[in-house]
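**Student:** Please see the structure below; I have some questions.
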Amino acid sequence: MGQMIAVAAGSIGLIVFVSFIAARLVRSRRTGMSIRMQVFLALALIVGAFAFGLGLMVLDRVKARADLVGEEAALGEARVIAALVTAEMESSDATLAEVAKRLDRAAAPREASPSVLESADQELHLAILDEEGQVLLQQGRSADDPGTVSATVSILARGRRVGSARVVKPTLLIQQTLADFAPTVLIISLLLGAVAAGAAALIGRTIAQPIEALTHFAERVSQGDRRAPPPLGHGREVSRLRKAIDSMRRELQGRPFVETFAADLSHELKNPVAAIRASAEVLHDGALAEPDEAMRFVSRILEASGRIEALLGDLLSLARLEARGVEDAATVDLGERASAAVVAAREAGAEVVVRAEGAAPVRGDGAWLARAIENLVDNARLHGAEGPIEVTVRREAGEVICTVQNQGEIQRGVRPRIFRRFVTTRADRGGTGLGLAIVRAIAEAHGGQAECIDEGPPHVTFVVRLPAA
């Protein structure tokens with residue numbers, strides 16, 4: 001009963017497992033086959049073929065050995081019967097046919113007796129054949145019946161061969177034994193398959209994990225994050241790939257990056273410089289004679305110059321942070337810094353709610369950390385929909401997590417570039433496109449990270465994770 005339950009459970013598990021693999025293979029036709037799946041399929045085919053071949057070999061060897069034992073037993077009985085027939089012929093001077101008839105009559109009461117035939121394993125299956133092969137006596141099974149093995153021994157009388165005695169042995173017990181052994185082979189094969197699956201998962205993870213980490217790093221580099229070194233990896237091939245990506249990152253920090261940065265900066269400065277120039281030309285052409293008109297253009301000049309000043313200030317802050325890192329590090333409570341950082345947003349009319357769930361000490365520069373939270377709150381105020389801005393600070397598993405959430409959504413075209421320099425959708429409201437870039441730089445300078453975990457709708461959520469002090 002227990003064996004049947006084990007076989008049923010193994011069969012159900014095999015069906016579920018095969019269905020899962022089939023679903024993954026169907027999906028791989030669209031997205032491509034992962035390295036983990038390739039390793040698993042290779043191991044599964046090798047181990048499966050080995051287990052199947054081993055099972056067939058074991059069953060075949062058991063059957064061959066059992067058949068050999070049956071043939072040897074039949075041969076021994078056939079020799080005994082041949083010797084008895086020979087002795088009967090020589091003692092009574094009877095022919096082989098007469099001895100066969102006597103044996104047939106002697107067997108009649110035995111056939112009628114249920115006690116003698118109670119066990120099929122104790123029944124004697126024999127045949128007496130003359131020298132031409134004609135059957136003189138047939139009791140029990142024939143050698144042509146399926147599931148039997150037989151042995152034939154010549155009968156010698158007065159120095160010559162007069163016929164043969166054949167004994168037939170049924171192999172039903174052997175077949176039953178093999179049938180009982182087959183579930184065991186199936187269970188062993190399933191266990192080998194499970195071991196192969198575990199080994200494939202471990203090997204696939206060992207191979208794929210550093211590649212996935214390097215891929216994630218390359219994506220961050222493509223988004224403008226060129227300060228952090230690539231993740232560590234084991235193995236010669238992974239080390240070579242890591243060195244190649246690190247070399248690419250260092251190259252991006254050189255002249256190509258300077259060219260890109262200069263192009264982005266000139267693009268951002270073009271509009272305010274053009275506004276200043278146009279206003280100055282209007283004033284030069286006679287607008288100074290009209291005080292109201294002159295004041296309007298002077299205000300435009302002041303607005304454009306203020307934008308340039310804000311842009312250059314943010315650039316200097318970002319450059320100083322990336323070049324020097326955190327200079328004045330101390331243990332500060334991020335919850336207190338969050339409460340101080342939202343004062344300006346509240347004065348501007350925003351509804352900001354701060355929740356500090358217990359102490360949240362971190363090691364870093366309090367001014368920079370407050371600047372990061374202030375930038376996130378300003379980003380929510382400028383780009384979010386109407387509604388409260390929620391700032392939550394909590395400690396969790398060795399980290400201090402600051403979450404800033406507001407109502408709204410991030411435009412689909414901006415999502416992949418949200419932390420790049422000069423990416424903004426509200427330049428008309430004073431945005432420089434450097435606020436989130438500064439947030440990420442501050443987080444990484446403190447050994448943490450900044451990310452957007454919800455792009456909306458209905459909510460946009462930014463998270464800064466820092467090591468707890």
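Since every read-out is calculated from the coordinates, none of them should be taken as a lab result. Computed from a predicted structure; not experimentally measured.
**Student:** Residue by residue through the stretch 144-155, what is 3J(HN,Hα) from phi via Karplus (6.51 cos²θ - 1.76 cosθ + 1.60, θ = phi - 60°)? Round to whole Hz and write x for glycine and proline.
**Tutor:** Ordered by residue, 3J(HN,Hα) equals 7, 5, x, x, 9, 10, 9, 9, 10, 10, 5, 9 Hz.
**Student:** Another one. When the chain is fully extended, how far beyond the present Cα-Cα distance does Arg363 get from Ala280, taking 0.36 nm per residue of separation?
**Tutor:** Extending this stretch completely gives an extra 25.0 nm.
**Student:** Would you please give the residues with an amide H less than 5 Å from that of Val352, counting only those at least 5 places away or on a separate chain, with H modeled from the backbone geometry?
**Tutor:** Ile389
**Student:** In Å and on Cα atoms, what radius of gyration and Dmax does the stretch 331-434 show?
**Tutor:** Computed over the Cα atoms of the stretch 331-434, radius of gyration and Dmax are 14.1, 41 Å.
**Student:** Another question about this same structure. Taking H as built 1.01 Å from N, whose amide H comes closer than 5 Å to the amide H of Val326, not counting residues under 5 places away?
**Tutor:** none
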